[in-house]
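These notes concern the structure reproduced below.
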Amino acid sequence: MIPSAMTSCASTLAIAALTAATLAITPASAQTMAEIAGYQGPDRMERLIAGARKEGVLSVYGSSVSEDMKPISDAFKAKYGIDFQYWRASSENLVQRTVVETRAGRCLVDGFATVAAELEALHREKLLQAVKTPLTAGLMPQALRPHGEWVASRLNIFSAAYNANLVKKDEVPKSYEDLKHPRWKGRLAVEADDGDWFGTLVSKMGGDQGIALFRDIVRTNGMQVRKGHTLLSNLVVAGEIPLALTTYSYKPEQQKREGAPIEPLYLAPVVALGYGPAVARCAPHPHAAVLFNEFMLGEGQEIFAKRNMAVTNPKIPSMPPGLEITLIDPADMLDNRSKWDELWASTVTKPR
């Protein structure tokens, strides 16, 4: 009995020692995504950087055109030495691809960079991971969501934009009412999928009153419809469109700075759409995903501001002075999307 007991005791000690050793050397990558995203210790950034460098790559799905994401990806790669893989699509297609991949049991994306309604849609699909970061304390309150699964790092401000060679100074409209003038016949354009802008704008105008105004504008002067906000701005520069109503303001601001014949125009009420990063709940490279989120809310805001984009850190000058902005409510837009899309189509893009 004694040898057997001794053997049993020795085995127990060996197992305990092995367990202790295993726990001691458990790699950071064995942590769950929730643990990585929620860690608040003083070595938080050191852990994220070390883990991300070990993972070696970051996969991001985004809706920004490559020329606007490249300064971010270049800076991220230069700082951390991590490969940055970027797949760009419309925000709607981004959500669709992510949902299809997840339902097929595949998780290929680490993080997202897109607009508010689609980020909120990913939240409702339970595809995002909340991240605890001290950087949110320095952002405007409107940038945050109660669930904490995404944060707006910048605002896509909707602005009109006109070709300075085709629109005379005394023609420049001072309000949407001015667009009812027959001089604008065949000279106006919008982006095809801006029902969220339209819904927020006409609600601010009083609902039926705003809808009636746009019906008058379209009935009198017509409306060209193009797909893509950057394309719309480029067509203004090219002279194909004299006045576009729904560009993202940073693009005409960039083009004007580069000498193009384009002028941004802010007609009240001015509407803006949140844009920001989010982390995929099943990210294959979780440290890199959280590090990317951190970068977008920190140094990324400086990069955006230098590119004429309005950021949500009020300490970084980026907003046009004196501009009063109404933010699109992403939850409301999701809940009422069919209503606003139908009104947008029947009033503006495919009038009845």
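Tell me yes or no: at least one residue of the range 154-161 is more than 23 Å from the chain's Cα centre (by Cα) and aliphatic (A, V, I, L, M).
No, there is no match, as no residue in the range 154-161 is more than 23 Å from the chain's Cα centre (by Cα) and aliphatic (A, V, I, L, M).
Please enumerate the residues belonging to the range 110-141 that are within 20 Å of Met319 (Cα to Cα) and either among the aromatic types (Phe, Trp, Tyr) or under 14 Å from the mean Cα position of the chain (by Cα) (or both).
Hits for the range 110-141 are Thr114, Val115, Ala116.
Within the range 105-116, is even one residue without any contact (Cβ under 8 Å) to a residue 60 or more places away in the chain and among the aliphatic types (A, V, I, L, M)?
So far as the range 105-116 goes, no, none of its residues is without any contact (Cβ under 8 Å) to a residue 60 or more places away in the chain and among the aliphatic types (A, V, I, L, M).
Going by the structure shown, is Arg215 part of a helix (DSSP H, G or I), in the same structural domain as Leu267 (by TED's automatic domain parsing) and either in contact with a helix residue (DSSP H, G or I) (Cβ under 6 Å, 6 or more places away or on another chain) or modelled with pLDDT under 95 (or both)? Quick ask: steps written out before the conclusion?
Numbers: part of a helix (DSSP H, G or I): yes; in the same structural domain as Leu267 (by TED's automatic domain parsing): yes; either in contact with a helix residue (DSSP H, G or I) (Cβ under 6 Å, 6 or more places away or on another chain) or modelled with pLDDT under 95 (or both): yes.
For Arg215, the condition - part of a helix (DSSP H, G or I), in the same structural domain as Leu267 (by TED's automatic domain parsing) and either in contact with a helix residue (DSSP H, G or I) (Cβ under 6 Å, 6 or more places away or on another chain) or modelled with pLDDT under 95 (or both) - is met.
Answer yes or no as to whether Ala283 is small (Gly, Ala, Ser) and closer than 25 Å to Lys132 by Cβ.
Against the criterion (small (Gly, Ala, Ser) and closer than 25 Å to Lys132 by Cβ), Ala283 qualifies.
Just to be sure, is Phe84 in a helix (DSSP H, G or I) and in contact (Cβ under 8 Å) with a residue 24 or more places away in the chain?
No: the conditions fail for Phe84.
Among the residues of the range 319-341, what is the count of those that are surrounded by 14 or more Cβ atoms within 10 Å (Cβ to Cβ), closer than 25 Å to His123 by Cα and either among the acidic types (Asp, Glu) or in contact with a Phe, Trp or Tyr (Cβ under 8 Å, 6 or more places away or on another chain) (or both)?
6
Please indicate, with yes or no, whether at least one residue in the range 114-127 is hydroxyl-bearing (Ser, Thr, Tyr) and out of contact with any Gly (no Cβ under 9 Å at 6 or more places or on another chain).
Among the residues of the range 114-127, not one is hydroxyl-bearing (Ser, Thr, Tyr) and out of contact with any Gly (no Cβ under 9 Å at 6 or more places or on another chain), which makes the answer no.
Pairs only if they're at least six apart or on different chains, beta carbon under 7 angstrom, first in the range 300-322 and in the same structural domain as Arg145 (by TED's automatic domain parsing) and part of a helix (DSSP H, G or I), second loosely packed, with under 15 Cβ neighbours inside 10 Å and not basic (Lys, Arg); list them, first residue then second.
Ile303/Pro71
Among the residues of the range 327-347, are any touching a strand residue (DSSP E or B) at 6+ places or on another chain (Cβ under 6 Å), more than 14 Å from Ser153 (Cα to Cα) and either in contact (Cβ under 8 Å) with a residue 12 or more places away in the chain or among the basic types (Lys, Arg) (or both)? Quick ask: steps written out before the conclusion?
In the first step, residues of the range 327-347 are kept if they are touching a strand residue (DSSP E or B) at 6+ places or on another chain (Cβ under 6 Å); the result is 327-328.
Right, trim to more than 14 Å from Ser153 (Cα to Cα) and you get 328.
After this cut, where a residue has to be either in contact (Cβ under 8 Å) with a residue 12 or more places away in the chain or among the basic types (Lys, Arg) (or both) as well, the list is 328.
Yes, because at least one residue in the range 327-347 is touching a strand residue (DSSP E or B) at 6+ places or on another chain (Cβ under 6 Å), more than 14 Å from Ser153 (Cα to Cα) and either in contact (Cβ under 8 Å) with a residue 12 or more places away in the chain or among the basic types (Lys, Arg) (or both).
Can you tell which of Arg187, Arg219, Arg183, Arg226 is over 29 Å from Glu118 (Cβ atoms) and buried (at least 16 other Cβ atoms within 10 Å of the Cβ)?
Working: Arg219 fails: buried (at least 16 other Cβ atoms within 10 Å of the Cβ); Arg183 fails: buried (at least 16 other Cβ atoms within 10 Å of the Cβ); Arg226 fails: over 29 Å from Glu118 (Cβ atoms).
One residue alone meets the criteria, Arg187.
Matching residues to (1) surrounded by fewer than 24 Cβ atoms within 10 Å (Cβ to Cβ); (2) assigned to a strand (DSSP E or B):
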{"position": "Ala244", "(1), (2)": "no, yes"}
{"position": "Pro252", "(1), (2)": "no, no"}
{"position": "Gln255", "(1), (2)": "yes, no"}
{"position": "Ala260", "(1), (2)": "yes, no"}
{"position": "Ala272", "(1), (2)": "no, yes"}
{"position": "Tyr275", "(1), (2)": "no, yes"}
{"position": "Val279", "(1), (2)": "no, yes"}
{"position": "Ala289", "(1), (2)": "no, no"}
{"position": "Met296", "(1), (2)": "no, no"}
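May I ask you to verify whether Ala268 is assigned to a helix (DSSP H, G or I), farther than 21 Å from Gly62 by Cβ and either modelled with pLDDT of 95 or more or in the same structural domain as Asp178 (by TED's automatic domain parsing) (or both)?
Details: assigned to a helix (DSSP H, G or I): no; farther than 21 Å from Gly62 by Cβ: yes; either modelled with pLDDT of 95 or more or in the same structural domain as Asp178 (by TED's automatic domain parsing) (or both): yes.
Judged against the criteria, Ala268 is not a match.
Quick one: which of Ser66, Ser73 is modelled with pLDDT under 95, out of contact with any Asp or Glu (no Cβ under 6 Å at 6 or more places or on another chain) and closer than 24 Å to Gln301 by Cβ?
Ser66
Name the residue that is surrounded by the fewest Cβ atoms within 10 Å (Cβ to Cβ), counting only residues in the range 88-135 that are over 23 Å from Ile157 (Cα atoms) and of a type in the set (Ser, Thr, Tyr).
Thr133
So is Tyr248 over 20 Å from Pro146 (Cα atoms), buried (at least 22 other Cβ atoms within 10 Å of the Cβ) and either in contact with a helix residue (DSSP H, G or I) (Cβ under 7 Å, 6 or more places away or on another chain) or outside the structural domain of Ala130 (by TED's automatic domain parsing) (or both) or not?
Values: over 20 Å from Pro146 (Cα atoms): yes; buried (at least 22 other Cβ atoms within 10 Å of the Cβ): yes; either in contact with a helix residue (DSSP H, G or I) (Cβ under 7 Å, 6 or more places away or on another chain) or outside the structural domain of Ala130 (by TED's automatic domain parsing) (or both): yes.
Yes; evaluated as a whole, the condition is true for this residue.
What number of residues within the range 136-157 satisfy the criterion of being surrounded by 22 or more Cβ atoms within 10 Å (Cβ to Cβ) and of a type outside the set (A, V, I, L, M)?
4
Test Val237 against the criterion of being buried (at least 17 other Cβ atoms within 10 Å of the Cβ), assigned by TED's automatic domain parsing to the domain that holds Ile303 and either in contact with a helix residue (DSSP H, G or I) (Cβ under 9 Å, 6 or more places away or on another chain) or in a helix (DSSP H, G or I) (or both), and give yes or no.
Values: buried (at least 17 other Cβ atoms within 10 Å of the Cβ): yes; assigned by TED's automatic domain parsing to the domain that holds Ile303: no; either in contact with a helix residue (DSSP H, G or I) (Cβ under 9 Å, 6 or more places away or on another chain) or in a helix (DSSP H, G or I) (or both): yes.
Taking the combined requirement at face value, the residue does not satisfy it.
The values are calculated or read from the model by the stated rules, or taken from the named source; none is laboratory data. This is a predicted model, so every value here is computed, not measured. Backbone-built Cβ (ideal geometry, glycine too); neighbour counts: all protein chains shown.
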